[in-house]
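Shown next, in structure tokens, is the structure this report addresses.
We did not get these values from a lab; they are worked out from the coordinates using the rules stated. Please read all numbers here as calculations on a predicted model, not as lab measurements. Methodologically, a virtual Cβ is constructed for each residue, glycine included, from the backbone with ideal geometry; neighbour enumeration extends over all protein chains shown.
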Protein chains: 2
Amino acid sequence: MQTRHLTFRLLQVFVQVVRCGNISLAARQLHLTQPTVSQQLKRLADTLGEPLLSHDNGKLTLTPVGEALYELCQDTLGQFDSFGQFLEDYRSGLRGQFSLALVNTAQYILPRIIGPFQAKYPNIEVRLQIGNRQQVLDYFEHQADDLYVFSHPPSSASSRAARIINNPLVIIAPKQHPLSLAKELSFEQLSAERFLLREPGSATRMLFDSWLLNQDFLLSSSLQMASNEAICVGVASGLGLAVVSRHVLAGFLNEVTILPVSGFELHSHWHYVRRTGHQLPMAAQRFVNFTQDNLQHCLDPRWLAKDLPMLTQKLLG
Amino acid sequence: MQTRHLTFRLLQVFVQVVRCGNISLAARQLHLTQPTVSQQLKRLADTLGEPLLSHDNGKLTLTPVGEALYELCQDTLGQFDSFGQFLEDYRSGLRGQFSLALVNTAQYILPRIIGPFQAKYPNIEVRLQIGNRQQVLDYFEHQADDLYVFSHPPSSASSRAARIINNPLVIIAPKQHPLSLAKELSFEQLSAERFLLREPGSATRMLFDSWLLNQDFLLSSSLQMASNEAICVGVASGLGLAVVSRHVLAGFLNEVTILPVSGFELHSHWHYVRRTGHQLPMAAQRFVNFTQDNLQHCLDPRWLAKDLPMLTQKLLG
DNA sequence: GAAATCCATTGATTATTGTCTATATATACT
DNA sequence: AGTATATATAGACAATAATCAATGGATTTC
């Protein structure tokens, strides 16, 4: 058998003929002429080297080989049909996968939209990458992922970004800290305190550093910790103060207090970022759309970034 | 997806490329040039409407769609390879089926060769038709079967026949019958007896009738029964005498006796018969070969027909 | 930075497939 | 015999598939 000369068309015609039990009828249903179908059958039988049909007392019947081939064809064509369906879904974004790279802090809030998304699109696989700003930047450079979430988008001409969620930074102190009772504070009042800081390269750290520089402040004492959780626990345990994203606090609000420091206004935003060179999978586009339409129901409205209603337009349009 | 434009060749090339992870190498292994393979891939991707491969940092990698297609191709091509193997076997006669039509009497002896044949060729399905001579003649006329076993082959120009087994007819009487003690008898001595006869159209009946006619004998009394077993039981029960194939007697030899009637010599033979117009399946040819080579080990040598050693030659050659 | 690989593209050629019309041949049904 | 109906065959043509050689761009390797 010369498998390489087999055509799906041939199999389709064969199956149709078997189903009709009648070459002429099959031809009509396939919008072909009868001789065409006859010849296709002949060619098929020739490439297999065995007859597939025989006419016994006027009726077309399958030879044993034909029988076996018919079974096989049904199976194969069925599988390819399913594959076609899979492709449809894939193309329309109902099925598929995409990867999303998050900077550390975003992991506290993005699941709130990913969860409902997964519920609506169970056939889409979201692969989540999480790292600090530098790592996600690396992913971004290598185009390793489809969509990125940054607090501070890289300034690349070949990328587009749109704000989605407000990310205010706050200064926290342990509940029992003397300053936690103050109605208003200036930053000078804190300058003697020890600060727990994220590693350089993290967006939180960068923002805070540049703010300090800008205000001409210098920290008298600091301690570096590589995780937001560690910092919160540290603050709660009285190790010092810290600047963290407001969103990180959820689980710690009964142990730490937000200090009302006047003049400390570090408002950043999380952005969806994509590379323009990289074709976004439909599944990812669905995710962007879904975010625009549903984020308001997943989040306290005060966190919604202003340009959320124009998200798809800014990012994809 | 335009399934109808898919080619097995395309799938083969794709699979090879995925296995090699390298287009040029795949091309060499397929004895093609690299551009050819590149183009095949392009065409495949075009008919599916989705890219299948991408080069990430120098390496070819499958897209999710490519991954799915690869799985599918492996499966499909594997199945067709198996089918090819099936075809091979079928063609060579190691696998397949054929039908064998037997006249009634032959069913007592043909299983002795069919059994060992099945043991050696478990993948060959033998379909057995059994009928009286007239019925098997009908099958023969309609070419319903591949091989026939007759006592008296139809005299058709479009058939070939070869003797395989001796089929002597004998006259039997109940053990307690007065004649059963005689050393030698003439047929006249039996003419007053009642004879149990098969139906007209059966070979045994035909032979006996024509012998009677030839010898100018007339039976005084007869009783017709449509089965050999019924006749044997009848004789054993004292209903009368009968003429039956020697081979039918196996289970009755302690109840009936063969009468030594001088001048009664009805030697017929079973034949394998095939129609020359009908292409014999390889499986059936295997059976003929097997018969020639093994019948001697399955049967008492006295029943072997003289021209058994030339069986295949006479029937197929 | 030169050489070596690897891949994509282009343009051209040939072989194979898909398809038709017209005709012949069976077979079954009056 | 005569008329449908179903298949097969032959001859012709267009479309598609399969292939190559030549070339250029990218990436890796030395």
| Applying the Karplus parametrisation 6.51 cos²θ - 1.76 cosθ + 1.60 with θ = phi - 60° to the phi angles of the stretch B:198-210, what ³J(HN,Hα) value in whole Hz is obtained for each residue in order, glycine and proline being reported as x? | 6, 5, x, x, 6, 5, 4, 4, 4, 4, 5, 4, 6
| So what's the gap between the Cα centers of the stretch A:100-166 and the stretch A:243-284, to the nearest angstrom? | 12 Å
| Under the rule of -39500 (n - 2.57) per DSSP H run of 4 or more residues, summed and divided by the residues of chain B, what mean residue ellipticity at 222 nm is obtained, to the nearest 500 deg cm²/dmol? | -12500 deg cm²/dmol
| Given H placed 1.01 Å from N in the peptide plane, which residues other than close sequence neighbours of A:Asn167 have an amide H under 5 Å from its amide H? | A:Ser268, A:His269, A:Trp270
| note | Rounded to 0.05, the calculated FRET efficiency for the beta carbons of B:Ala144 and B:Lys183 at R₀ = 60 Å is 0.80
| Size of the dipole of the stretch A:1-51 about the Cα centre, Lys and Arg at +1 and Asp and Glu at -1 on the beta carbon, nothing else charged, in debye to 20? | 140 debye
| field | Note, ³J(HN,Hα) from phi for the stretch A:248-254, Karplus 6.51, -1.76, 1.60, rounded to Hz, x at Gly and Pro | value | 6, 6, 2, x, 10, 5, 8
| the stretch B:152-288: C-alpha pair distances exceeding 22 Å, % | 43 percent
| task | Classify the stretch A:1-115 as rounded, prolate or oblate from the Cα gyration tensor: take a ≥ b ≥ c as the square roots of its eigenvalues, call it rounded if a/c is under 1.5, otherwise prolate when a/b beats b/c and oblate if not. | result | prolate
| said: Give me the extension gain from A:Ala230 to A:Arg112: residue separation times 0.36 nm, minus the current Cα-Cα distance, reported in nm with one decimal. | reply: 40.3 nm
| Principal axis dimensions, the protein assembly as shown - Cα atoms, whole angstrom, descending | 145, 54, 41
| query | Using the Karplus equation 6.51 cos²θ - 1.76 cosθ + 1.60 (θ = phi - 60°), what ³J(HN,Hα) coupling, rounded to whole Hz, does each residue of the stretch A:66-72 give in order, writing x for Gly and Pro? | reply | x, 4, 4, 5, 4, 3, 4
| Out of every Cα pair in chain A, what percent are spaced more than 34 Å from each other? | 48 percent
| said: If each label sits 7 angstrom from Cα along the C-beta direction, how far apart, in nm, is B:Pro35 from its counterparts in the other copies? | reply: 3.8
| said: To make sure I understand the rule: partners must be aspartates and glutamates, Cα under 16 Å from the Cα of B:Lys59, and not fewer than 8 residues away in the same chain. Which ones qualify? | reply: B:Glu67
| Rounded to 5, the percent of DSSP beta bridges in chain B classed as antiparallel | 60 percent
| note | XL table A:Lys183/A:Lys306; A:Lys120/A:Lys314; B:Lys120/B:Lys306; A:Lys120/A:Lys306; B:Lys183/B:Lys306; B:Lys120/B:Lys314; Cα-Cα > 32 Å flagged, in table order, is none
| query | Taking the Cα centre of the stretch B:151-269 as origin and charging only Cβ (+1 Lys, Arg; -1 Asp, Glu), how large is the dipole, in debye to the nearest 20? | reply | 320 debye
| query | Taking the label point 7 Å from Cα in the Cβ direction, how far apart in nm is A:Lys120 from each other copy of itself, listed shortest first? | reply | 7.1
| message | Out of all DSSP beta bridges in the protein assembly as shown, what portion is antiparallel? Express it as a percent rounded to 5. | response | 60 percent
| query | Taking only the alpha-carbon atoms of the stretch B:114-209, what semi-axes of the equivalent ellipsoid follow from 5 times the gyration tensor eigenvalues under a square root, in whole Å, largest first? | reply | 35, 19, 12
| task | List the distances, in nm and shortest first, from the label point of A:Asp81 to the matching label points in every other copy, placing each point 7 Å from Cα along the Cα-to-Cβ direction. | result | 2.7
| task | Kindly list the residues of the stretch A:208-235 that lie in the label zone of A:Asn254, defined by a backbone N under 20 Å from the point 7 Å along the Cα-to-C-beta vector. | result | A:229-235
| remark: Residues whose built amide H sits under 5 Å from the amide H of A:Ala242, excluding neighbours closer than 5 in sequence, are A:Ile172, A:Leu196
